[in-house]
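Below is one structure; the comments refer to it alone.
The values are calculated or read from the model by the stated rules, or taken from the named source; none is laboratory data. Keep in mind it's a predicted model, so treat the numbers as computed, not measured. No Cβ is skipped: glycine too gets one built from the backbone with ideal geometry, and neighbour counts run over all protein chains shown.
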Amino acid sequence: MGMSNGLKNGYSPEYMGMKTDKNHNWKELHNYEESRAHVSIVTVFLTYLSYIILCLLGYASEWLAKFGLLRNGLNVDPRFGENYVPLYFNNWESIFARHIYRRGREYCSRPICSVPGAMCTLKDRYTPDNGWNFQFTGTQTKCVNFGSYNYLGFAENRGPCCDSAKGAIRKEGLTLGSATRELGSGRAVEELESLVAEYLGLEDAIVFGMGFATNSLNLPALVGKGSLIISDQWNHSSLILGARLSGAAIHVFQHNNMASLEKVIRDAIVQGQPRTKRPWKKILIVVEGIYSMEGTIVNLPSIIRLKNKYKAYLYLDEAHSIGAIGPRGRGITDYFGIDPREVDIMMGTFTKSFGSAGGYIAGKRSIIDHLRVRSHASTYACSMSPPVAQQVIAAMSIIMGKDGTHEGIKRIRALAENSRYLRRNLMRMGFIIFGHDDSPIIPLLLFQPAKIPWFARCMTEYNVAVVAVGFPATPVVESRARFCVSAGHTKEMLDQVLSAIAEVGDRLLIKYAKNQVRSKLDCDPDYDCE
Amino acid sequence: MLPMIEALYNAPVYHLVLEALLVIWVLRLLFRKSHSPKDRVILTEAEKDELIAEWKPEPLVPPVDPMHPALHPRIVTGKAMKTVTVDGRDCLNFSTHNYLGLIGNTDVELAAIKCLEKYGVGSCGPRGFYGTTDVHLDLEDMIAKFMHCEEAVLYSYSFATIASAIPAYAKRGDIIFADMNVNFAIQKGLDASRSNIIFFRHNDMNHLEELLESQAKADLRVGSCQTAKLNCFQHASLFQDPKKAAVTRKFLIVEALYMNSGDICPLPELVELKRKYKLRFFVDECLSIGVLGASGRGVFEFFNMSVNEADLICGSLEYCLGSLGGFCVGSSYVVDHQRLSGLGYCFSASLPPLLAAGAMASFSFLESNAGKEALLHLENICKTAHSLFNELLLDLEQSKHSSPNSPIKHLYAKDHDDPEDFLQSVVKMVEEKAIAIVTATYLEKEEKFCPAPSIRIALASHHVEEDVRHLISVLNEATSALSC
């Protein structure tokens, strides 16, 4: 159907009060809840059984190897026999890594030898000994790329962005070789910071060379001992690391569940700090815009309502949502039609939608000034590389339309259309898909651990590159394949994927929701997709 | 069934009575209301609302001094080579970390541009999800071969390298012996590991041996809760029993060339101690790879020792090799673990391929004749500068322990009330004479043992003796002008 502008995406100001009926997207949220509930108990049982069998095989294999009856490709401690305490013990984690993860390792960390765009070229490799070691076959496979984060298709090796990045290398070199607070403030970084602030509609912004470090090194600068961080259950590990390093207490609420969040906040304020019972210095709610494994969009209007009611602060990590969502590509606040100044701290990365690297934090000038002075990254780490910053400047200018073309809006609309098309069709085929309709991340549930590498292998036969993940990135039972849609994907590529998945789905028996779809089609003839 | 009832009849009375009491007690436990510590005080909703309304949080950030130097940075335009344009003025550059002069090297830049034309800028994913390109794999192989180790792991940010490597191996309950002067990234790694950290005085091998000896004695003692006189360098949970000691890993973490003081660690003594007390030895060689050693292979080559004495070596591509990122090298047994447990490796996007290609060109340079010449130049200028600073500087001084081979020179103010202010003014005055230097910046409140304020000079292979003499004369002018 194509893109909607501003309010037509379903969210109206009434949504802030959470009226349920006429809202198209609110129904979507219910749909997401429902698809979780309709998994048959047989599937869950078989999944647990698979893991138990794999564990037992793992333990048996370790036991046999101890007596020399089985050879495995384990690395030997060079200090073996010198009375050192072993570096890793035979606990569950290492058994898991060595015997469960290792079996499917072939489809993880797959090397590519091309630009990670809408199409990519995989460097084929095989394992002569069941996943312990790999060798290259010498051949390459060109695939449609649904694994890389390339939402707006800026992962290109020619075009205006590349040319400006090349110019930055020639004029400013690869690095400034100095921390930002010392002699590391270059022209490219200054320009990028003001452009990011303009893009988001905020007062000021600060950029860093690594997205992971942006979270882990700046949360400690914002909160400390005596403060409370309330974080979503499925937050990214950089947020968790930053929260732990800060020394603040951490409470967790159920994923995207506003009732759980409200209860946690109320209990926290009423109880105060543990043991001393003193009131908390401040409360910081940390959430993400789009969750990368769930494909869900955060319920921002309700969170803002709650934060205003209880005087908490909000830290929004837009790693996957900046550029990828919203009618103008400005992220979650754009999508819901909320003023970005309602969010205290907006963080994001340049890796996903801008084809570059690094992260930013934007907000009020007082907050950014504080980070300039107190951030660990601006004091100790080298500043961002000029070509990397220049790529973001070029990509952002295109999205904002500053280059005089409509390329930016075209890409945003293409991404929205592609995501909706792929998601609707996959759901129609009977797969269990998590997440909300408008999110460009589409997780498809596989459940059994053996289906993870199997699915990846089958899709590679059809020349489609996907990401298949299991425990511990996802809960034990809910292994999934994840599709990251890009604006660079054409309708032919999407159709190629859909036909491949239809066949693979039948072969692997992963169309768990087929019966529910049939019943939906029977009672609601309008349940159809474009 | 029948034999059971018979047995019941034949059992003695006390037996039956005891069994009956047991059954009654179990039933009582089952149906008793459980004691929950949260049930102590139950507030009414009205009281809760009152508490919530009363609560007043602090502002999110404290006010910042508007004149803080971080808010008025000096803007660099163009490349940061021997001459750098700072705030529009061309200055002789003594502040950029560029020890082999690789920033602006044409081969490095051409390699990066060629890579950009094939791979674009970003890698668009973490290493596990199609973010691994053959450039990354080639660079890892190159680093491993260069350092004569089995395997290398590449990170996209030098700070994250050691800060992710330490918590991947050291967990709660392990013991880490670390030098007091370690840099901030290592301190963050130590915090993230949740282990017991025991700091020893900087480069003081006697103190380290003392601490190791007392820990070894404690390990042999049976039972815990032994109290003894603890000084600020010891941790209360040092004392444990032998069973626990058999599963407690012990680590020794040092830097090869210390960023905070410009001196080199006493490697032979450290290796002896780690062999004697069975410590896993991690060396942070961020500043020493490409600097120390006849072919730039780092501190182990400098001391003529085998690199296998270290369990893990962390290096950086940012200080010497004109690129960005970091790496860890060592045996496969140790390094491979990080591919699943190094947070900065698994959960972060991989290094942009163009920076990896630039780093590969830098390593090729290092192995070429031009590279060996640059290493010699660097060594000479470092030694020359060391002696010239000692001879000719008036109001500034180097530390007694700083190494002549170090390209990082810290200059401290002699006997000053407010050394920080004094040094900032010196830097400003020197900049007006077209030389760019910096004071070493620290976050005083966050550092565990904050170093004294100093001016940090970064030498490079393209500096010559005249440059250093010029710097010294300008510094002397500035300090004497400020002292009057």
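Summary table
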| read-out | value |
| --- | --- |
| Members of region A:146-180 found to be facing chain B (nearest Cβ under 7 Å) and under 16 Å from residue A:465 (Cβ atoms), listed by number | A:147, A:148, A:149, A:150, A:155 |
| Counted residues, region B:245-257 - those being surrounded by 20 or more Cβ atoms within 10 Å (Cβ to Cβ), part of a loop (DSSP other than H, G, I, E, B) and within 14 Å of chain A (Cβ to nearest Cβ) | 1 |
| Hits in region A:248-279 (condition: out of contact with any Pro (no Cβ under 7 Å at 6 or more places or on another chain), within 21 Å of residue B:61 (Cα to Cα) and in a loop (DSSP other than H, G, I, E, B)) | A:248, A:273, A:278, A:279 |
| Of residues in region B:301-358 being charged (D, E, K, R) and in contact with a Gly (Cβ under 8 Å, 6 or more places away or on another chain), the one nearest to the other protein chains (Cβ to nearest Cβ) | B:318 |
| Hits in region B:404-458 - residues which are in contact (Cβ under 8 Å) with a residue 60 or more places away in the chain and part of a helix (DSSP H, G or I) | B:422, B:424, B:431 |
| Only listed residue being in contact with an Asp or Glu (Cβ under 6 Å, 6 or more places away or on another chain) and in contact (Cβ under 8 Å) with a residue 40 or more places away in the chain, chosen from A:221, A:197, A:213, A:243 | A:197 |
| Some residue of region B:372-381 being out of contact with any Asp or Glu (no Cβ under 7 Å at 6 or more places or on another chain) and buried (at least 24 other Cβ atoms within 10 Å of the Cβ) | yes |
| Lone unmet requirement of (1) crowded, with 21+ Cβ neighbours inside 10 Å; (2) within 29 Å of residue B:259 (Cα to Cα); (3) of a type outside the set (D, E, K, R) for residue B:92 | (1) |
| Among the residues listed as B:240, B:234, the single one being over 27 Å from residue B:386 (Cβ atoms), surrounded by 15 or more Cβ atoms within 10 Å (Cβ to Cβ), more than 14 Å from every other protein chain (Cβ to nearest Cβ) and modelled with pLDDT under 90 | B:234 |
| Residue that is farthest from residue B:173 (Cα to Cα), among those in region A:72-87 that are free of Cβ contacts under 8 Å to residues at least 60 places away in the same chain and more than 7 Å from chain B (Cβ to nearest Cβ) | A:74 |
| Complete set of residues in region A:182-194 that are of a type in the set (Gly, Ala, Ser), more than 23 Å from residue B:456 (Cβ to Cβ) and touching a residue at least 12 places away in the same chain (Cβ under 8 Å) | A:188 |
| Extreme residue, surrounded by the fewest Cβ atoms within 10 Å (Cβ to Cβ), among residues of region A:93-124 that are among the aliphatic types (A, V, I, L, M) and assigned to a strand (DSSP E or B) | A:119 |
| Residue match in region B:397-408 (condition: under 27 Å from the mean Cα position of the chain (by Cα), closer than 27 Å to residue A:210 by Cβ, within 14 Å of another protein chain (Cβ to nearest Cβ) and not aromatic (Phe, Trp, Tyr)) | yes |
| Residue within region A:452-462 that is modelled with pLDDT under 95, surrounded by fewer than 17 Cβ atoms within 10 Å (Cβ to Cβ) and more than 23 Å from residue A:155 (Cβ to Cβ) present | yes |
| Top-ranked residue of region B:145-193 - restricted to ones that are of a type outside the set (Asp, Glu) and part of a strand (DSSP E or B), ranked as surrounded by the most Cβ atoms within 10 Å (Cβ to Cβ) | B:155 |
| Neighbours by Cβ (under 8 Å, 6+ apart or cross-chain): first from region B:194-213, assigned to a loop (DSSP other than H, G, I, E, B); second modelled with pLDDT under 95 and of a type in the set (Lys, Arg) | B:194/B:171; B:194/B:172; B:195/B:171; B:195/B:172 |
| Test result for residue B:123, in contact (Cβ under 8 Å) with a residue 40 or more places away in the chain, crowded, with 24+ Cβ neighbours inside 10 Å, facing chain A (nearest Cβ under 9 Å) and over 21 Å from residue A:187 (Cα atoms) | yes |
| Residue, nearest to the other protein chains (Cβ to nearest Cβ), within region A:229-269, restricted to residues that are out of contact with any Lys or Arg (no Cβ under 8 Å at 6 or more places or on another chain) and charged (D, E, K, R) | A:244 |
| Count of residues meeting criterion [farther than 24 Å from residue B:97 by Cβ, among the hydrophobic types (A, V, I, L, M, F, W, C) and touching a residue at least 60 places away in the same chain (Cβ under 8 Å)] in region B:260-287 | 3 |
| Flag for residue A:136 being free of Cβ contacts under 8 Å to residues at least 60 places away in the same chain, exposed (fewer than 15 other Cβ atoms within 10 Å of the Cβ), at the interface with chain B (Cβ under 10 Å from one of its Cβ atoms) and out of contact with any Cys (no Cβ under 7 Å at 6 or more places or on another chain) | yes |
| All positions within region A:300-317 that are farther than 20 Å from residue A:367 by Cβ, touching a residue at least 60 places away in the same chain (Cβ under 8 Å) and crowded, with 18+ Cβ neighbours inside 10 Å | A:301, A:302 |
| Strands (runs of 3 or more DSSP E) contained entirely in region B:17-93, each with at least 3 residues that are facing chain A (nearest Cβ under 10 Å), under 30 Å from residue A:176 (Cβ atoms) and free of Cβ contacts under 8 Å to residues at least 60 places away in the same chain | B:75-77 |
| Checking residue B:103 against (1) outside any loop (DSSP other than H, G, I, E, B); (2) facing another protein chain (nearest Cβ under 7 Å); (3) at pLDDT 90 or above, the condition it does not meet | (1) |
| Some residue of region A:484-503 being touching a Pro at 6+ places or on another chain (Cβ under 7 Å) and in contact (Cβ under 8 Å) with a residue 12 or more places away in the chain | yes |
| Residue list for region A:165-203, restricted to those being farther than 30 Å from residue B:69 by Cα and surrounded by fewer than 18 Cβ atoms within 10 Å (Cβ to Cβ) | A:167 |
| Number of the condition not met by residue B:401 [criteria: (1) modelled with pLDDT of 90 or more; (2) not in a strand (DSSP E or B)] | (1) |
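Results for (1) within 14 Å of chain B (Cβ to nearest Cβ); (2) at pLDDT 90 or above, shown as yes or no for each residue.
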| site | (1), (2) |
| --- | --- |
| A:376 | yes, yes |
| A:388 | yes, yes |
| A:404 | no, no |
| A:409 | no, yes |
| A:416 | no, yes |
| A:425 | no, yes |
